[in-house]
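Here the structure comes first, spelled out in structure tokens, and everything after it is commentary.
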Amino acid sequence: MIRKILIDAPQIGYEKAGDITNFDAIQHNVEAYLGAKDGKGEKAKQESSKKMIIDSFVIRNAKVNYNDMLELKLPDIELRNVGKKAGGATSAQVTKAIIAELNTQLAIALAKTAVIAAWAAWWSARGRRSRAVRQIALKITVQSADYADSTDFNLA
């Protein structure tokens, strides 16, 4: 049993080419290792792999560089009781859960950035360039965004 794993301030590169991302490639490799695509070999691989239970897996202060165009700060991520219900999880299963949560948080951060950019453009087009709008536009121009979300997304 592992009580806590903490990853503080990782710099994550996210690259997208067409419809494929480097996260997709990692996820595909993990699924292939688990045999999830064709259902073959999964049981044998899981039985031969060491299993673990992680009480708390935390990634905090993460920054994602999106295609060298945008830097996003993700909210802290905490996965709790990883593998507990199943009597343990393999390292591949833990990796799959982490990648899935990172993808979720990145999608949320990108959506927020798009909403903020659209709102700032709309507000600016109406001639209402307040100090707040200028600050938002500046953040987008320097390709960074910070979020005040304190919402934790936990997988039990």
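Overview of results
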| item | result |
| --- | --- |
| Inter-label distance for ALA117 and ASN22, nm, one decimal - labels placed 7 Å from Cα along Cα-to-Cβ | 2.0 nm |
| Nitroxide proxy distance, nm - points 7 Å out along Cα→Cβ at ASN29 and ALA100 | 2.0 nm |
| Sparsely packed trypsin sites (Lys or Arg not before Pro) within the stretch 73-112, loop by DSSP, other Cβ within 10 Å at most 14 | LYS84, LYS85 |
| Sorted by Cβ density within 10 Å, fewest first, the residues MET52, MET69 | MET69, MET52 |
| For the stretch 59-67, Karplus couplings with θ = phi - 60° (6.51, -1.76, 1.60), whole Hz, Gly/Pro x | 10, 10, 6, 6, 10, 10, 8, 9, 6 |
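Computed from the coordinates by the stated procedures, all read-outs in this text should not be read as laboratory data. Note that the structure is predicted; figures quoted are calculated from it, not measured. Cβ atoms come from the backbone with ideal geometry, glycine included; neighbour counts cover every protein chain shown.
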